[in-house]
Each structure stands twice: as structure tokens, then as C-alpha cells.
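Encoded as C-alpha cells, the structure appears first; notes follow it.
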Amino acid sequence: MTQEAPPARSPVATFAALAGRLPVTWQAITKHLALLEAAGLVESQKVGRERRYRALGAELTALGRRLVRIGGAWEARLVRIASIAEDLERG
């Protein structure tokens, strides 16, 4: 009998590591991480004097699927609006 491997965990990054790789201010990173954590898309853990952040893959995947559905609905609306505008132009 084979045991399944536990799900892969997202890499963990410190605030300083993120700040070093992103072209935005530390204040912007702080605000974004707080919002992402409040939304359940990132979790943080205090380790000593630093805080480590990890993206929550399953939640991000679910959000991505939801955004694709929302995008599809908007695309359908825009196509309908374009069709109405063309009909009006033809008079």
C-alpha cells in the first residue's frame, strides 16, 4: 500500500525578501499583505523578530476560477452591448 505525499506547500517568504523583489514601497507591500491575509489568500507566521508569509494555493486557485467566470460574464455583456450599438447604427 502506498501512502500519498502531503500536498505541496507554497514557499515561505519574509517581508524583507518580498520587498527586495518587488518594485513598490514597503508601505504598499504591508498594505497588500494585510489585505491578502484578511481575504484568506495569504497566511503569516511570526518567527522570532520576523514575519513569514505563504500564499494559500487552493484559495488562490478558487479565486482564479471565480475571476475567470466573472470575466466570461462581462465579456458576454460587452458582446451584447456591441451588438446593440451596431443595430442602432444601422438604424
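The values are calculated or read from the model by the stated rules, or taken from the named source; none is laboratory data. Predicted model only: the values in this text are computed from it and were never measured. Every residue, glycine as well, gets a Cβ built from its backbone with ideal geometry; the counts of neighbours run over all protein chains shown. Note: areas computed on protein heavy atoms with side chains; ligands, DNA, RNA excluded. Shrake-Rupley method; radii C 1.70, N 1.55, O 1.52, S 1.80 Å.
Before moving on, here are some points about what is shown:
- Within region 62-90, residues that are closer than 30 Å to G40 by Cα reach partners that are not in a helix (DSSP H, G or I) with beta carbons closer than 8 Å, at six or more positions or on different chains, in the pairs L63/L41.
- Test: residue in region 17-25 that is touching a helix residue (DSSP H, G or I) at 6+ places or on another chain (Cβ under 8 Å) and among the small types (G, A, S): yes
- Residue match in region 24-47 (condition: touching a residue at least 24 places away in the same chain (Cβ under 8 Å) and assigned to a helix (DSSP H, G or I)): no
- Complete set of residues in region 1-43 that are at pLDDT 90 or above, open to solvent by 60 Å² or more (accessible area, probe 1.4 Å) and under 22 Å from E59 (Cα atoms): T30, K31, H32, L35, L36, E37, A38, A39, E43
- The set of residues from region 44-62 being open to solvent by 60 Å² or more (accessible area, probe 1.4 Å) and more than 24 Å from A16 (Cβ to Cβ) comprises A58, E59, T61.
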